[in-house]
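Peer 1: The structure that follows is given in the form of structure tokens.
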Amino acid sequence: MASYRETLETRPITPAVAPGEIRDSLPAEAPEDGEPLDRILADLDRVVLPGIVHWGHPAFLGYFGSTSNGPALLGEMAAAALNVSAMTWKTSPAATELETVVLEWIRRMMGLPDELTGVVYDTASVAVVHALAAARELAAKDIRRRGLAGRTDLSAMRVYASDQAHHSLEKAMVLLGLGEENAVRVGTDGAFRMDPRLLERRMVDDARSGLLPLAVVATVGTTSTASIDAVKEIAEISRSHGAWLHVDAAYGGAISLLPERRAETEGMALADSLVVNPHKWMFVPLDFSALYVRRPQLLRAVFAREAEYLRGDAGAGAPGSGAVDYMDFGIQLGRRFRALKAWMVFRAFGRRGIADRIREHCRLAAHLAGNIAAEPFFSLAAPVTMGVVCFRFAPPGMDAVAADRANEAIVESVNQTGRAYLTHTRLRDRLVMRVGIGNIATEERHVDVLWDLVRSAARNFASL
Ligand code: PLP
């Protein structure tokens, strides 16, 4: 692990393997008898590493990079060595109490109100399922007991989110039996923020048609552009229709660690539920997602269930107290000791250390945006609010569809070099390039390498 980290920057980011190649190089069945560890470790280098995309490489600027680091690695190793399940307080008091402490640290670092109580899940996609399950129980009584099928007393329940919100919403709707067509996508303004007037109009129209406004999802840091919805305004509209407000701050919640950026996100305090992923931009490696809810007892009312074999282990204390049984706040029983790595990262960096790195990432994004804006044939495709930069190459005379293809080809060509990595997205139906800066090791020189590679790939289409 140490040598991997030391040599990371010298490795090509993307592997040169064909689909199935790695599987084909391995036996079809598990070995009958155990093998010596040195042989297994040799195969880790020989078979596995050549098939890895090196997300930790400082010039990997795809998606929302998740960063490992020394303290986090040690935390993961210690958690693996302990291998406890944080399902009830009694099954490992320290795992539970550390989870409570870390959740309170995150809440305070973000300036969220004390009324929000947290629970750790693996991902934001899982968190939104739990949040909407609680909203559903509140809005339409007795679903836990009676379910949805065959109910004539229930109307379709609608959840509203912007056309930029994450698709985990639709997955949650499917899983909760609410139907993906009841996830209503609301249009956005020129800066890709939900248009509150359109939201209001959709909610009024739906209410007139007898549909139940279950919840609104506001996003702080959307997946494509990191736009920030007007959460305060959305909260008022949501409240006036009796709908639950879920704030998806999976990526962008981290920006609230910067005192100078607090005002942009203060509406988060009005959330009925809020998710933030420290594994996106707080330097805790995958996976660690924190859901905060205003009514933890409601979550408990949906998910707590007694099991004879756990009697005596469970039932320790109230949510928010040290002695909570976290298994009562979600579908999982066995729960990894995720809090340990987060605790080690937060202690090793401090709030200031995390905030300084986030601030630096924003500076690097602004630096890249400045270069893009100054370059002929390139333009920014969205305002740069955090560590995300969306941009498009469109030389004169090239039609929009051809430009889509050119942008895609540039991404592909940069990634094939193995020296830098970016992704693409679609905005207003046009393909654009996307850079996400969030890796702890990324410096200005890495961003500059990527930009040079983009420009040189673009020369295949126009003389720059
Ligand atoms: N919400 C937003 C805004 C995201 O960008 C993402 C993923 O990128 C998610 C939710 C889903 O996160 P997870 O991978 O933790 O489920």
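Peer 1: May I ask you to list the chymotrypsin sites (Phe, Trp or Tyr not before Pro) in the stretch 249-308 that are in a DSSP loop and have at most 10 other Cβ atoms within 10 Å of their Cβ?
Peer 2: Details: sites: Tyr251, Trp281, Phe283, Phe288, Tyr292, Phe303; in loops: Tyr251, Phe283, Phe288.
Loop-located and lightly packed - none at all.
Peer 1: Quick one: what do you get for the stretch 85-336 if you divide its Cα Rg by 2.2 N^0.38 Å?
Peer 2: On the way: Rg = 17.8 Å, N = 252, 2.2 N^0.38 = 18.0 Å.
Rounded to two decimals, the normalised Rg is 0.99.
Peer 1: Now for a separate question. First select every other residue whose beta carbon is under 13 angstrom from the beta carbon of Arg430; then total the charges, Lys and Arg +1, Asp and Glu -1.
Peer 2: On the way: positive: Arg392, Arg405, Arg426, Arg428, Arg434; negative: Asp399, Asp404, Glu408, Asp429.
Surrounding charge for Arg430 is +1.
Peer 1: Per-residue HN-Hα couplings for the stretch 396-405, Karplus 6.51 cos²θ - 1.76 cosθ + 1.60 at θ = phi - 60°, whole Hz, x for Gly and Pro?
Peer 2: Going residue by residue, I get x, x, 8, 6, 4, 5, 5, 5, 4, 5 Hz, with x marking Gly and Pro.
Peer 1: According to the square roots a ≥ b ≥ c of the eigenvalues of the Cα gyration tensor, what is the shape class of the chain, taking rounded for a/c under 1.5, prolate for a/b larger than b/c otherwise, and oblate for the remainder?
Peer 2: Details: a/c = 1.71, a/b = 1.16, b/c = 1.48.
Here the chain falls in the oblate category.
Peer 1: Quick check on the stretch 345-458: what does the Kirkwood estimate of hydrodynamic radius come out to from the alpha carbon pairs, in Å? Intermediate values should be presented prior to the final figure.
Peer 2: Values: mean 1/r = 0.0678 Å⁻¹.
Radius from the Kirkwood sum: 14.8 Å.
Peer 1: Report the calculated FRET efficiency for Asn460 and Val401 (r = Cβ-Cβ distance, R0 = 25 Å), to the nearest 0.05.
Peer 2: Values: r = 17 Å, r/R0 = 0.68.
E(calc), rounded to 0.05, equals 0.90.
Peer 1: Taking amide H positions as placed 1.01 Å from N in the peptide plane, with prolines and chain starts having none, which residues 5 or more places from Tyr160, or on another chain, fall under 5 Å of its amide H?
Peer 2: For Tyr160, the qualifying residues are Val184, Ala215, Val216, Val217.
Peer 1: Can you work out ³J(HN,Hα) from phi for every residue in the stretch 349-355, in order, using Karplus 6.51 cos²θ - 1.76 cosθ + 1.60 and θ = phi - 60°, giving whole Hz and x for Gly and Pro?
Peer 2: 9, x, 4, 5, x, 5, 4
Peer 1: Once the Cβ-Cβ distance between Leu37 and Asn83 is put in as r, and R0 is 22 Å, what FRET efficiency do you end up with, to the nearest 0.05?
Peer 2: Values: r = 18 Å, r/R0 = 0.84.
Efficiency, from the Cβ-Cβ distance: 0.75.
Peer 1: Suppose each label sits 7 Å from its Cα in the direction of the beta carbon; what would the Arg108-Glu9 distance come out to in nanometres?
Peer 2: Output for this residue pair reads 3.6 nm.
Peer 1: What residues have an amide H closer than 5 Å to that of Leu427, excluding those fewer than 5 places away on the same chain, when H is modeled at 1.01 Å from N in the peptide plane?
Peer 2: Those qualifying (amide H under 5 Å, at least 5 residues apart or on another chain) are Val432.
Peer 1: Summing +1 for each Lys or Arg and -1 for each Asp or Glu, what net charge is found among the other residues whose Cβ lies under 13 Å from the Cβ of Phe391? Don't skip to the end; give the middle numbers.
Peer 2: Values: positive: Arg392, Arg430, Arg434, Arg455; negative: Glu375.
Local charge sum for Phe391: +3.
Peer 1: Continuing with the same structure: Run lengths n ≥ 4 of DSSP H only: what is the helix-derived mean residue ellipticity at 222 nm for the chain, with -39500 (n - 2.57) per run over all residues, to the nearest 500? Could you put the intermediate results ahead of the total?
Peer 2: Numbers: 16 runs with 183 residues, N = 464.
When only DSSP H runs of four or more count, the value is -12000 deg cm²/dmol.
Peer 1: Next question, about the same structure. May I ask you to list the GluC sites (Glu not before Pro) in the stretch 396-464 that are in a DSSP loop and have at most 13 other Cβ atoms within 10 Å of their Cβ?
Peer 2: Numbers: sites: Glu408, Glu412, Glu443, Glu444; in loops: Glu443.
For GluC sites (Glu not before Pro) across the stretch 396-464 that sit outside H, G, I, E and B with at most 13 neighbouring Cβ atoms in 10 Å, the list reads Glu443.
Peer 1: If you count, for each residue, the other Cβ atoms within 10 Å and average over each peptide, how do 157-163, 258-264, 352-358 line up from highest to lowest? Walk me through the numbers before you get to the answer.
Peer 2: Values: 157-163: 24.4, 258-264: 13.6, 352-358: 17.7.
For the peptides 157-163, 258-264, 352-358, the packing ranking is 157-163, 352-358, 258-264.
Peer 1: Quick one, can you get me the convex hull of the C-alpha atoms of the stretch 2-54 expressed as volume per residue in Å³? Could you put the intermediate results ahead of the total?
Peer 2: Working: hull volume 4.4 nm³, N = 53.
Per-residue hull volume (Cα only) is 82 Å³.
Peer 1: Sequence gap at least 6, Cα distance under 8 Å: using those rules, report the relative contact order of the chain to the nearest whole percent. Mind dumping the intermediate values first?
Peer 2: On the way: 854 pairs, mean separation 100.5, N = 464.
For the chain, the relative contact order is 22 percent.
Peer 1: What share of the DSSP beta bridges in the chain is antiparallel, in percent to the nearest 5? Don't skip to the answer; put the middle values down first.
Peer 2: Numbers: 23 of 41 bridges.
Percent antiparallel among DSSP bridges in the chain is about 55.
Peer 1: Now, a different point. Taking 8 Å as the Cα distance limit and 6 or more residues as the minimum spacing, I'd like the relative contact order of the stretch 2-54 as a percentage.
Peer 2: Working: 20 pairs, mean separation 35.6, N = 53.
Once divided by the residue count of the stretch 2-54, the mean separation gives 67 percent.
Peer 1: Apply the Karplus parameterisation 6.51 cos²θ - 1.76 cosθ + 1.60, with θ equal to phi minus 60°, to every residue of the stretch 170-181 and state each ³J(HN,Hα) to the nearest whole Hz, in sequence, with x for glycine and proline.
Peer 2: Running phi through 6.51 cos²θ - 1.76 cosθ + 1.60 with θ = phi - 60° gives 4, 4, 5, 5, 4, 5, 8, x, 8, x, 5, 6 Hz.
Peer 1: A further question on this structure: How much net charge surrounds Leu132 when only other residues with a Cβ under 13 Å from its Cβ are counted (Lys, Arg +1; Asp, Glu -1)?
Peer 2: Details: positive: Arg136, Arg158, Lys171; negative: Glu137, Glu170, Glu180, Asp248, Asp272.
In short, -2.
Just so you know, all these numbers are worked out from the coordinates, no wet-lab data involved. None of the values given here were measured: they were computed from a predicted structure. Cβ coordinates were reconstructed from backbone atoms using ideal geometry, including for glycine residues, and neighbour counts include every protein chain displayed.
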